[in-house]
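**Student:** Pasting a structure here, questions to come.
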Amino acid sequence: MRPSLQLSASLAALAVLGTAACGDLGDGSQNENEVITTVLLRFAPMGGGAALDAAFDDADGDGGDPPRIDPIDLAAGTTYTLTVRFQNKLEDPPEEITDEVADEGAEHQLFFTGTAVDGPAAAHPGAPLQHSYADADFLGLPIGLSSTIAASPGTGTLTVTLRHVPALDGAPVKTSDLAERVKAGGTGAIGGETDAEVSFAVTVR
């Protein structure tokens, strides 16, 4: 039985609640929810220097307190390695959900969208963040736990979406064109379900 992932978050201005309800995967098995309270982004300059960390953190897991949502402030003309991590801080010590996403990469893909992004899943020419995937599952399809970001001056919003895309009735849902389909029609244009979706304010100067 494979647990699915569920983002536990309040409806904040820069955060969208994502749920992964228990249900049939199409192969007779059932999902069990697993909670994601925290999404961690690290932008590490490829040429060296201090990394910038930004987090969405709903540590109490019920939205009772406003979640922490860090702004992202990057340097223009810099190329970054972006890594994304997912945690459940309701566990002690916090549970690292990232490992499960990596282990089951053929059933997951992250999408990077929003007005600050131009890349495989977002068509905003001239946006301050130029995104490309830097990792892949065993089939050679992108996951998105590691990406490359080229930064240029500007502002906007970065939305990070973790989508669970298991096979349905034995047919693969994760295909090479998922990001392009998201670019054309949003995550509703592809199969699967959203495990986590959070947005950050971005400034590049």
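The values are calculated or read from the model by the stated rules, or taken from the named source; none is laboratory data. Note that this is a predicted model, so its numbers are computed, not measured. Quick reminder, even Gly has a Cβ in these numbers, built from the backbone with ideal geometry, and neighbours come from all protein chains shown.
**Student:** Search the range 59-96 for residues being in a loop (DSSP other than H, G, I, E, B) and touching a Lys or Arg at 6+ places or on another chain (Cβ under 8 Å), and hand back the single one that is surrounded by the fewest Cβ atoms within 10 Å (Cβ to Cβ).
**Tutor:** Here the residue is Ala76.
**Student:** Pairs needed: first member in the range 87-115, among the small types (Gly, Ala, Ser); second member anywhere, part of a strand (DSSP E or B) and at pLDDT below 95; C-beta distance under 9 Å; at least 6 residues apart or different chains.
**Tutor:** none
**Student:** Read through the list (1) hydroxyl-bearing (Ser, Thr, Tyr); (2) in contact (Cβ under 8 Å) with a residue 40 or more places away in the chain; (3) farther than 19 Å from Ala75 by Cβ, then give the number of the only condition that Ser176 fails.
**Tutor:** (2)
**Student:** Hey, does the range 66-73 have a residue that's more than 26 Å from Arg205 (Cβ to Cβ) and of a type outside the set (Val, Ile, Thr)?
**Tutor:** Our first condition is that a residue be more than 26 Å from Arg205 (Cβ to Cβ); within the range 66-73, this holds for 66.
Applying the additional criterion that residues be of a type outside the set (Val, Ile, Thr) yields 66.
The answer is yes, given that some residue of the range 66-73 is more than 26 Å from Arg205 (Cβ to Cβ) and of a type outside the set (Val, Ile, Thr).
**Student:** Continuing with this model, one more query. Mind counting the residues in the range 21-47 that are closer than 19 Å to Ala76 by Cβ and either modelled with pLDDT under 95 or touching a Cys at 6+ places or on another chain (Cβ under 7 Å) (or both)?
**Tutor:** Selection size over the range 21-47: 1.
**Student:** Moving on to the next point. At pLDDT 95 or above, over 21 Å from Ala122 (Cβ atoms) and over 16 Å from the mean Cα position of the chain (by Cα), is that true of Ala102?
**Tutor:** no
**Student:** Considering only residues of the range 155-181 that are within 22 Å of Pro125 (Cα to Cα) and in contact with a helix residue (DSSP H, G or I) (Cβ under 7 Å, 6 or more places away or on another chain), which is surrounded by the fewest Cβ atoms within 10 Å (Cβ to Cβ)?
**Tutor:** Arg181
**Student:** Can you tell which of Gly144, Gly170, Gly126 is touching a Leu at 6+ places or on another chain (Cβ under 9 Å) and at positive phi?
**Tutor:** That would be Gly144, the only listed residue that is touching a Leu at 6+ places or on another chain (Cβ under 9 Å) and at positive phi.
**Student:** Could you pull out every one of the strands (runs of 3 or more DSSP E) wholly within the range 121-205 that has 3 or more residues that are more than 16 Å from Gln109 (Cα to Cα) and of a type in the set (A, V, I, L, M, F, W, C)?
**Tutor:** The strands (runs of 3 or more DSSP E) meeting that bar are 146-151, 193-204.
**Student:** Restricting attention to the range 113-143, which residues are crowded, with 16+ Cβ neighbours inside 10 Å and touching a helix residue (DSSP H, G or I) at 6+ places or on another chain (Cβ under 9 Å)?
**Tutor:** Hits for the range 113-143 are Thr113, Gly119, Pro120, Ala121, Ala122, Tyr133, Asp137, Leu141, Pro142, Ile143.
**Student:** Go through Ser152, Ser147 for me and flag whichever is of a type in the set (Gly, Ala, Ser) and surrounded by fewer than 17 Cβ atoms within 10 Å (Cβ to Cβ).
**Tutor:** Details: Ser147 fails: surrounded by fewer than 17 Cβ atoms within 10 Å (Cβ to Cβ).
Criteria check complete, one pass: Ser152.
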